[in-house]
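These notes are about the structure you will find just below.
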Amino acid sequence: MKGRIEELKDEIKDLIERQEAVKDPVEKMVYQDLIAEKGAELEDLEREFGELARQYV
């Protein structure tokens, strides 16, 4: 799971770089939506990881 968290962080950084590189406002919005989706997935995984970690402490 921790590997997936790092993978999502890398994907989000890449999407942000791509968003900054485009000029078209519509494309920027598409990237913003993708960033938001990946961000929500990342938050869910981090929360789940934290809950699992507390079970083993």
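Table: residues versus (1) in contact (Cβ under 8 Å) with a residue 60 or more places away in the chain; (2) farther than 15 Å from Gly3 by Cα; (3) open to solvent by 90 Å² or more (accessible area, probe 1.4 Å); (4) not basic (Lys, Arg).
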| position | (1), (2), (3), (4) |
| --- | --- |
| Arg18 | no, yes, yes, no |
| Glu37 | no, yes, yes, yes |
| Glu41 | no, no, no, yes |
| Arg47 | no, no, yes, no |
| Gly50 | no, no, no, yes |
| Arg54 | no, yes, yes, no |
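Look through Lys9, Lys38 and report the one residue that is charged (D, E, K, R) and in contact with an Asp or Glu (Cβ under 6 Å, 6 or more places away or on another chain). Can you show your working first?
Numbers: Lys9 fails: in contact with an Asp or Glu (Cβ under 6 Å, 6 or more places away or on another chain).
The unique qualifying residue is Lys38.
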Within region 1-16, residues open to solvent by less than 60 Å² (accessible area, probe 1.4 Å) and at pLDDT below 95 come out as Gly3, Ile5
Matching residues in region 1-31 (in a helix (DSSP H, G or I) and over 11 Å from the mean Cα position of the chain (by Cα)) number 14
Every listed condition ((1) at pLDDT below 95; (2) in contact with a Phe, Trp or Tyr (Cβ under 9 Å, 6 or more places away or on another chain); (3) among the aliphatic types (A, V, I, L, M)) holds for Val22 save (1)
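The values are calculated or read from the model by the stated rules, or taken from the named source; none is laboratory data. This is a predicted model, so every value here is computed, not measured. Counting neighbours? That spans all protein chains shown, and the Cβs are built from the backbone with ideal geometry, glycine included. With ligands, DNA and RNA removed, areas are computed over all heavy atoms of the protein, side chains included. Shrake-Rupley method; radii C 1.70, N 1.55, O 1.52, S 1.80 Å.
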